[in-house]
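Structure record follows, encoded as structure tokens.
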Amino acid sequence: MKKFEEKKFNIPTLTGISAKTVEEHLKLYAGYVKHSNLIIEKIAEMSADAEKNAYAMGELQRRFGFEFDGMRNHEFYFKHFEGGSAALAPDSALKTAIASEWGSFDAWLARFKAVALTRGIGWAILYYDKNNDRLVNAWVDEQHLGHLTGISPVLMLDMWEHSFVTDYQPSGKKQYVEDFFSNLNWQTVEQNFSDAKRA
Ligand SMILES: [Fe+2]
């Protein structure tokens, strides 16, 4: 049976976010990969007696979205740090698209940071919707509740407490968001945007 593979990330020293937090966080990511594979395996096993196992298989299937999105979301998140901090070029296609959607890059950034501070655990996401050639901000609860169908993530910010609480305490959530942007490699975000446009 085909398996989801755990990806490896080359993460430099970050501002504010400790190596220990990254190490522990990568273990959580590995757990999502493991459990995505396990669910598919378990459902295949249980299919041998599909009638008897129908209820349990249904619950496992429901859980799959949580595990799969937990895996995929973290792959976007950790990749944002690879290569170290890099600015968004003023004349880049992404910066132009952001400004045309929100009036200015700074207006978008303020809005996105506010989305990130949504109460509860989840993700702040900038998506590109190819159908309408536009960018959209979203908040996703947990790993999977509220993902938008058929559009591509461009920027993904993990707002679960495990991402920041050891380094910032619960009250330091806002500073974590600031530091995320200090550590962000915008070239990767631009690449995500151009991949999404081509997809
Ligand atoms: Fe996470």
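The values are calculated or read from the model by the stated rules, or taken from the named source; none is laboratory data. Keep in mind the model is a prediction, meaning the values are calculated, not measured. Don't worry about glycine lacking a Cβ; one is built from the backbone with ideal geometry, like all the others, and counts go over all protein chains shown. Note: accessible area is taken over every heavy atom of the protein model, side chains too, but ligands, DNA and RNA are not part of it. Shrake-Rupley method; radii C 1.70, N 1.55, O 1.52, S 1.80 Å.
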- Query: Only one of 120, 84 is among the small types (Gly, Ala, Ser), at positive phi and more than 16 Å from the ligand (Cβ to nearest atom); which?
  - Reply: 84
- Task: Among the candidates 116, 54, single out the residue that is farther than 19 Å from residue 4 by Cα, out of contact with any Phe, Trp or Tyr (no Cβ under 6 Å at 6 or more places or on another chain), open to solvent by less than 30 Å² (accessible area, probe 1.4 Å) and modelled with pLDDT of 95 or more.
- Result: 116
- Among (1) open to solvent by 30 Å² or more (accessible area, probe 1.4 Å); (2) without any contact (Cβ under 8 Å) to a residue 40 or more places away in the chain; (3) not in a strand (DSSP E or B), which single condition is residue 136 missing? (3)
- Query: Which residues, counting only those in segment 1-39, are away from the ligand (no atom under 14 Å from the Cβ) and of a type in the set (Val, Ile, Thr)?
  - Reply: 13, 15, 39
- Unique residue being in contact with an Asp or Glu (Cβ under 8 Å, 6 or more places away or on another chain) and under 18 Å from residue 178 (Cβ atoms) when the list is 94, 88, 126, 117: 88
- Query: So residue 87 clears everything in (1) hydrophobic (A, V, I, L, M, F, W, C); (2) under 27 Å from residue 33 (Cβ atoms); (3) open to solvent by 70 Å² or more (accessible area, probe 1.4 Å) except one condition, right? Which one?
  - Reply: (2)
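Per-residue answers, yes or no, for (1) more than 14 Å from the ligand (Cβ to nearest atom); (2) of a type outside the set (S, T, N, Q); (3) touching a Ser or Thr at 6+ places or on another chain (Cβ under 9 Å):
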position	(1), (2), (3)
140	no, yes, no
170	yes, yes, no
176	no, yes, yes
191	yes, no, no
- May I ask you to list the residues in segment 149-164 that are aliphatic (A, V, I, L, M), part of a loop (DSSP other than H, G, I, E, B) and within 13 Å of residue 73 (Cβ to Cβ)? 159
